[in-house]
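Asks: The structure is given below, and queries will be raised subsequently.
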Amino acid sequence: MKAFPRGRSALSLLLFTLSGMLSGPVLADEAEAPLQLVATTAMVADVLREVGGERVEVQGLMGPGVDPHLYRQTRRDVTAMTRADAVFWNGLNLEAQLRNFLSRLAQRKPVFAAGEAVPAEQRLADEAYQDQPDPHVWMDPGRWRWVVEGMRDALVELAPAHASEFQARAEAYLAELEALDRYAVGVLDSVPASARVLVTAHDAFGYFGDAYGYEVLGIQGFSTESEAGLARIESLVDVLVERRIGAIFIESSVSDRNVQALVEGAAAEGWAVEIGGELYSDAMGPAATYEGTWLGMLDHNVTLIARALGGEAPAEGRLGRLGQQGENE
């Protein structure tokens, strides 16, 4: 089993606020009023709810199937963020369309970029994006641990009277994170070495591949703002045919048009490629389901990938909860 990174406080790595304005707890009466928080992505919102418990009320802006690369704030979003005690976003250029607004908002209230908790040396980058970091840090439990610890520390700063509660809840959540990672290592290692190639709609699984030893090939780059050219699709068709890759994957928040083009292109070359299933990349599953949590999202992805690529994994996932409608943690 791989070792989990530990060390310096993740809070120091957060984009706390651009003005460094927080000088005391946000709550006037911490015993009564929960923190009013807004989170851009469902992954960030889920961690805040898990660690904050009843001490927080979290409004998430982006629901299932929403692409954060393209998302623009609505009037309702602006109102919610303006009224919140604090705002949390992934950062690392994931919510590119929100950056200017959040930068201005940070002059007036605490704004945390959760992904900034991952140390710079642990971030992946691509020359095609002028060495900007890959923002999809939630795809690797080891790196996501830093994010969880960073949000825990942020909550302690916002409501220090409840520090012990936040710390205990974070510890319990991180234990679940590590258990899921052990499961992932086991089932993903059951896939034949030659089949450990993950082809997806866009390059959201780089951290996943880095964590579990898989080659990752995205049709689009880190951001869905980029368009996949014909040359890229033709190149990937050649890879599918030459390496006899049997399954590729669509994503819940990205059009399947380019993935279908790969299937058709491979078929024209005499090689049948299957759609291995739908992965959760930039958004989690439906609300009020296990897949609508970060733990369930990753469990779904790990289980689906392992089974589609020839490995062994229980269809219902680590805890037997995948596909159970209306069940949430």
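The values are calculated or read from the model by the stated rules, or taken from the named source; none is laboratory data. Everything numeric here is computed off the predicted structure, so don't read it as measured data. Here the Cβ is made from the backbone with ideal geometry for all residues, glycine too, and neighbour counts use every protein chain on show.
Asks: What is the residue count in segment 254-272 for residues that are within 12 Å of A201 (Cα to Cα), surrounded by 18 or more Cβ atoms within 10 Å (Cβ to Cβ), touching a helix residue (DSSP H, G or I) at 6+ places or on another chain (Cβ under 7 Å) and of a type in the set (A, V, I, L, M)?
Replies: Residues flagged as within 12 Å of A201 (Cα to Cα), surrounded by 18 or more Cβ atoms within 10 Å (Cβ to Cβ), touching a helix residue (DSSP H, G or I) at 6+ places or on another chain (Cβ under 7 Å) and of a type in the set (A, V, I, L, M) within segment 254-272 amount to 1.
Asks: Can you tell me how many residues in segment 290-317 are of a type in the set (S, T, Y) and under 21 Å from V273 (Cα atoms)?
Replies: Initial filter on segment 290-317 (of a type in the set (S, T, Y)): 290, 293, 303.
Filter once more, so that each one left must be under 21 Å from V273 (Cα atoms): 303.
Residues flagged as of a type in the set (S, T, Y) and under 21 Å from V273 (Cα atoms) within segment 290-317 amount to 1.
Asks: Taking segment 305-328, which residues are closer than 13 Å to V191 by Cα and in contact with a Phe, Trp or Tyr (Cβ under 8 Å, 6 or more places away or on another chain)?
Replies: Listed by number, the residues that qualify are I305, A308.
Yes/no matrix, rows are residues, columns are (1) farther than 29 Å from S255 by Cα; (2) in the same structural domain as R232 (by the TED database); (3) of a type in the set (K, R):
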{"site": "E165", "(1), (2), (3)": "yes, no, no"}
{"site": "A179", "(1), (2), (3)": "yes, no, no"}
{"site": "R196", "(1), (2), (3)": "no, yes, yes"}
{"site": "V199", "(1), (2), (3)": "no, yes, no"}
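Asks: So which of V87, V66, V137 is surrounded by 20 or more Cβ atoms within 10 Å (Cβ to Cβ), in contact (Cβ under 8 Å) with a residue 60 or more places away in the chain and not assigned by the TED database to the domain that holds T200? Break it down stepwise before answering.
Replies: Values: V87 fails: in contact (Cβ under 8 Å) with a residue 60 or more places away in the chain; V66 fails: surrounded by 20 or more Cβ atoms within 10 Å (Cβ to Cβ).
Going through V87, V66, V137 in turn, the sole match is V137.
Asks: Further, regarding this structure: When you scan segment 156-167, do you find a residue that is in contact (Cβ under 8 Å) with a residue 24 or more places away in the chain, hydroxyl-bearing (S, T, Y) and part of a helix (DSSP H, G or I), even just one?
Replies: The answer is no, given that none of the residues of segment 156-167 is in contact (Cβ under 8 Å) with a residue 24 or more places away in the chain, hydroxyl-bearing (S, T, Y) and part of a helix (DSSP H, G or I).
Asks: Would you tally the residues in segment 129-177 being under 21 Å from the mean Cα position of the chain (by Cα) and of a type in the set (A, V, I, L, M, F, W, C)? Walk me through it before giving the result.
Replies: We begin by selecting, within segment 129-177, every residue under 21 Å from the mean Cα position of the chain (by Cα); these are 129, 131-155, 169-177.
Within this subset, residues satisfying the condition of being of a type in the set (A, V, I, L, M, F, W, C) are 137-139, 144, 146-148, 151, 154-155, 170, 172, 174-175, 177.
Going through segment 129-177 one residue at a time, the tally reaches 15.
Asks: On to the next question. Under the condition of being part of a loop (DSSP other than H, G, I, E, B) and free of Cβ contacts under 8 Å to residues at least 24 places away in the same chain, which residue from segment 273-316 is surrounded by the fewest Cβ atoms within 10 Å (Cβ to Cβ)? Please lay out each step first, then the result.
Replies: First, the residues of segment 273-316 that are part of a loop (DSSP other than H, G, I, E, B): 273, 280-289, 293, 309-316.
Next cut, free of Cβ contacts under 8 Å to residues at least 24 places away in the same chain only: 314-316.
Numbers: P314: 14, A315: 10, E316: 14.
Only one residue fits best here, namely A315.
Asks: A follow-up question, please. So which residues in segment 237-289 are among the charged types (D, E, K, R) and in contact with a Pro (Cβ under 6 Å, 6 or more places away or on another chain)?
Replies: Narrowing segment 237-289 to residues among the charged types (D, E, K, R): 238, 242-244, 251, 256-257, 264, 269, 274, 278, 282.
Residue satisfying the conditions is D282 alone.
Asks: On the given criteria, is G115 at pLDDT below 95 and of a type outside the set (A, V, I, L, M, F, W, C)? Outline the logic, then answer.
Replies: On the way: at pLDDT below 95: no; of a type outside the set (A, V, I, L, M, F, W, C): yes.
Answer is no for this residue.
Asks: To continue, here is another question. How many residues are touching a strand residue (DSSP E or B) at 6+ places or on another chain (Cβ under 8 Å), more than 18 Å from G277 (Cβ to Cβ) and among the hydrophobic types (A, V, I, L, M, F, W, C) when one looks only at segment 171-223?
Replies: Going residue by residue through segment 171-223, those that are touching a strand residue (DSSP E or B) at 6+ places or on another chain (Cβ under 8 Å) are 196-206, 208-209, 214-223.
Now narrow it down to the ones that are more than 18 Å from G277 (Cβ to Cβ): 203, 206, 215, 220-223.
Of the ones still in play, those that are also among the hydrophobic types (A, V, I, L, M, F, W, C) are 222.
Residues flagged as touching a strand residue (DSSP E or B) at 6+ places or on another chain (Cβ under 8 Å), more than 18 Å from G277 (Cβ to Cβ) and among the hydrophobic types (A, V, I, L, M, F, W, C) within segment 171-223 amount to 1.
One line per residue, one yes/no per condition, for (1) in contact with a Gly (Cβ under 9 Å, 6 or more places away or on another chain); (2) at pLDDT below 95:
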{"residue": "T293", "(1), (2)": "yes, no"}
{"residue": "H300", "(1), (2)": "yes, no"}
{"residue": "T303", "(1), (2)": "yes, no"}
{"residue": "G311", "(1), (2)": "no, no"}
{"residue": "R318", "(1), (2)": "no, no"}
{"residue": "R321", "(1), (2)": "yes, no"}
{"residue": "Q324", "(1), (2)": "no, yes"}
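Asks: I'm trying to understand the selection: among the residues of segment 49-90, which are in a loop (DSSP other than H, G, I, E, B) and under 14 Å from P34 (Cα atoms)?
Replies: Our first condition is that a residue be in a loop (DSSP other than H, G, I, E, B); within segment 49-90, this holds for 61-74, 84-85, 90.
Correct list: A84, D85.
Asks: Which number in (1) modelled with pLDDT of 95 or more; (2) surrounded by fewer than 24 Cβ atoms within 10 Å (Cβ to Cβ) marks the one condition that Y129 misses?
Replies: Against the list (1) modelled with pLDDT of 95 or more; (2) surrounded by fewer than 24 Cβ atoms within 10 Å (Cβ to Cβ), Y129 comes up short only on (1).
Asks: Note down all Cβ pairs under 8 Å where the first residue falls in segment 219-242 and is over 16 Å from Q260 (Cβ atoms), the second is modelled with pLDDT under 90 and part of a helix (DSSP H, G or I), and they're at least six residues apart or on different chains.
Replies: From residues that are over 16 Å from Q260 (Cβ atoms), the pairs are G221/A128; G221/Y129; F222/Y129; S223/Y129.
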